[in-house]
Amino acid sequence: MDTQQIKQMFIQKFSESTVEPRVFHAPGRVNLIGEHIDYNGGYVLPAALEFGTTLVVREREDGILRFASSNLPEEAEIKVDEIGLNKTGEWTDYPVGVMVELAQRGYPISKGYDLFYHGEIPNGAGLSSSASIEVVTGYGLLSMGGYDRDTVQIALLSQAAENNFVGVNCGIMDQFAVANGKKDHAILLMCDTLEYEHVPFQTGSYKLVIGNTNKRRGLVDSKYNERREQCTTALEQLKTRKSDLNYLAELTPSQFEEFKSVLTDKTVQNRAQHVIEENARVLASVQALTANDLQEFGRLMNLSHDSLRDLYEVSCEELDIMVEEARKIPGTLGARMTGAGFGGCTVSLVHEDDVERFVKEVGDNYQARTGLQGEFYVCGVGEGVEELGTN
Ligand code: GLA
C-alpha cells in the first residue's frame, strides 16, 4: 500500500483538515544470527525488513491524543496530561510508553495529535512489530516537535518503554535494528557498547525466506525471563574464576572450556555454552559474508538453530519441523529460528531457482506434520526508520 492510500485511511478515520499530516515508517526486523545474545553483552546481526509500520500523524489544538490503526482493532483517546497514568494491555501501550520515556528525557508531549498506524508485520510472529511501533512513534514525535532525531537514543528510549511501561524485559536488538537499519545491509551491533557497523548483505542468487510457523508464542515472556535469570546465574558463578567478567559473551569458547566446570548445573552450563558459541558464530558470519562465502554463512545458521534447540531450549516442535523441512530443499544453504523462539518465524537462505519449490514443499510438509498453515515471505533488507515524502 502506498503512502497516499495510508493517508486516505487516516483522513477517513480522523477527517479532513487544512493541516497536512506527516508520514513516518519503521521496518520490522529479522535476526540473521546472534540469538539471545543482546542481554549477554555480545554481537548480534539483525537486518531491517522491507515491510513495517507506517505512522501518519497530525497535530491537534486541544491537547487530545487519538490512536487508531488499520490492522489492530483497539482505539484510544487520552488527554496529554494523562499520558502514562493508565496501562490498557492493548497495542496503544507501546506508543504511550514511548511518550512517557520522551517526557522523562526532556521532550514532553504538550500538544495533541491524531496518530494512525498501518502495520504490515504479522503480530506475534517475532518480526518486531512492537519495536517498529515504538520506534516510529519516537521518531515521528521528535520530528513533529522539531527536535533532533538520534536513532540510537530512539532505540534506547523505545526499549525503555517496552521494559518499563509495557513490562516486557527485552534486550536492545529489536529496537536498535528497526531504528538503524540500512537497505541491503545487516547491522553488526555490539550490544554492550552499542557500537555498530553496517555489513553489506549481498546474497547474489540467494534469497532470504522468512517462514511464519503461525504457532502462537505461548509463555514466551516467562520463558524469556527464565533464560535471562539462568544467564545471570552463569555469570555470577563464572565470576568466581574471572572476577572482571561483565557479560557472558566476553568469554571466548576456549576460556569457557577452561572455566565451565564451575557451572555445576548442566542446564545453566548449556545456556552459557550457547551464548558464548553463538557470539563467536556472529563474528564468523561477518567474515563469511565479507568473503562472500554464503555456504559457510548457511552452515553457521544451521549450527545456531541446533544450539538454540538443544542448549538454549527456546525452539519448539513447529520451528524444528519447519527448519528440518527447509533443509531438505537442495537450494537451502541454512535455516534457523529467528527471534525469541517458542513459535514465531524461521529464516532460510535459499537459491532463487528453488524458492518456489521451497514455499510449496516446506509449506505442504509443514502443514502435513503440524496441522498448521505456514506463511512465507521472500524479502530483501530495507531501510531503518525514516520520514516518507508527501508524494
Ligand atoms: C526478542 C527480544 C530481543 C532478543 C531476542 C532474542 O526478540 O526482544 O531483545 O533478546 O528475543 O535474540
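The values are calculated or read from the model by the stated rules, or taken from the named source; none is laboratory data. Bear in mind the structure is a predicted one, so any value in this text is a computation, not a measurement. Positions of Cβ are generated from backbone atoms using ideal geometry, with glycine treated the same way; all protein chains shown enter the neighbour counts. Heads up: the accessible areas ignore ligands, DNA and RNA and are worked out on the full protein's heavy atoms, side chains in. Shrake-Rupley method; radii C 1.70, N 1.55, O 1.52, S 1.80 Å.
Annotations for the structure displayed:
- With the convex hull of the Cα atoms taken as the outline of the range 264-391, the averaged projected area works out to 10.7 nm².
- Positive-end residue of 379, 80, 40, charge dipole of the chain with Cβ unit charges: 40
- Each Cα pair under 8 Å and six or more residues apart adds its sequence gap; the mean of these over the residue count of the range 299-391 is a relative contact order of 22 percent.
- Charge tally in the Cβ shell below 11 Å around residue 284, where Lys, Arg are +1 and Asp, Glu are -1, residue 284 excluded: -2
- Amide H contacts of residue 342 (H built 1.01 Å from N, under 5 Å, at least 5 apart or other chain): 315, 316
- Between residue 60 and residue 184, the contour length at 0.36 nm per residue exceeds the Cα-Cα span by 40.9 nm.
- Coordinate range along principal axes, alpha carbons of the range 102-223, Å, largest first: 49, 34, 31
- Gyration tensor verdict on the range 185-343 (Cα atoms; rounded if a/c is under 1.5, prolate if a/b is larger than b/c, oblate otherwise): oblate
- In this structure the chain gives 41 Å² per residue of accessible area when probed at 1.4 Å with all protein chains present.
- Projected over every direction and averaged, the convex hull enclosing the alpha-carbon atoms of the range 163-220 yields 6.0 nm².
- Shape summary: the range 74-169 maps onto an equivalent ellipsoid whose semi-axes, from the alpha-carbon gyration tensor, are 19, 16, 13 Å in decreasing order.
- Förster radius 35 Å - calculated FRET efficiency between residue 3 and residue 163 (Cβ-Cβ, nearest 0.05): 0.65
- Cα-Cα over 19 Å, subset of 183/360; 182/215; 239/260; 183/207; 215/328: 183/360; 182/215; 215/328
- If you wrap the Cα atoms of the range 1-87 in a convex hull and average its projected area over all directions, you get 8.4 nm².
- Centroid-to-centroid separation of the range 256-276 and the range 34-96 [C-alpha atoms, Å]: 37
- Translational diffusion coefficient (Stokes-Einstein; Kirkwood radius from C-alpha pairs) of the range 185-245 at 37 °C, 0.692 mPa s, in µm²/s: 207
- Inverse of mean 1/r across different Cα pairs in the chain, Kirkwood, Å: 21.6
- Stretch gain in nm, segment residue 317-residue 255, where the contour uses 0.36 nm per residue and the Cα spacing is subtracted: 19.0 nm
- Label zone at residue 225, where the point sits 7 Å out along the Cα-to-Cβ direction: the range 162-206 residues whose backbone N lies under 19 Å: 162-172
- Adding -39500 (n - 2.57) for every DSSP H run of four residues or longer, then dividing by how many residues the chain holds, sets the calculated 222 nm ellipticity at -13000 deg cm²/dmol.
- In order along the range 41-58, phi translates into HN-Hα couplings of x, x, 9, 10, 9, x, 9, 6, 8, 8, 10, x, 10, 9, 10, 9, 9, 9 Hz, rounded to whole numbers, per the Karplus curve 6.51 cos²θ - 1.76 cosθ + 1.60 with θ = phi - 60° and x for Gly and Pro.
- In Å², nearest 10: area of residue 9 left accessible to a 1.4 Å probe: 50
- Where labels lie 7 Å past Cα in the beta-carbon direction, separation of residue 232 and residue 86 in nm: 3.3
- Interchain or long-range residues, amide H under 5 Å from residue 37's placed H: none
- Sites listed here are GluC sites (Glu not before Pro) in the range 251-321 whose DSSP assignment is loop and whose Cβ has at most 13 other Cβ atoms within 10 Å, and the list is empty.
- Here the gap between residue 16 and residue 370, fully extended at 0.36 nm per residue and compared with their Cα-Cα distance, gives a gain of 122.6 nm.
- For the chain, the longest principal axis of the C-alpha atoms and the axis of helix 129-144 are separated by about 40°.
- Once backbone amide H atoms are built at 1.01 Å from N, residue 112 has 60, 62, 63, 64 as its partners under 5 Å, excluding neighbours fewer than 5 places away on the same chain.
- Net +/- balance of residues flanking residue 233 in space, Cβ distance below 9 Å, scoring K and R +1, D and E -1: -2
- Other residues lying with their Cβ under 15 Å from the Cβ of residue 299 contribute a combined charge of -2, Lys and Arg counting +1, Asp and Glu -1.
- Basic side chains Lys and Arg get +1 at the Cβ, acidic Asp and Glu get -1 at the Cβ, and with that the dipole of the chain about its Cα centre reaches some 380 debye.
- Under Stokes-Einstein, with the Kirkwood radius over Cα pairs as Rh, the value for the range 256-318 at 4 °C and 1.567 mPa s is 102 µm²/s.
- Counting only protein heavy atoms and a probe of 1.4 Å, the accessible surface of the range 71-124 is 46% carbon and sulfur.
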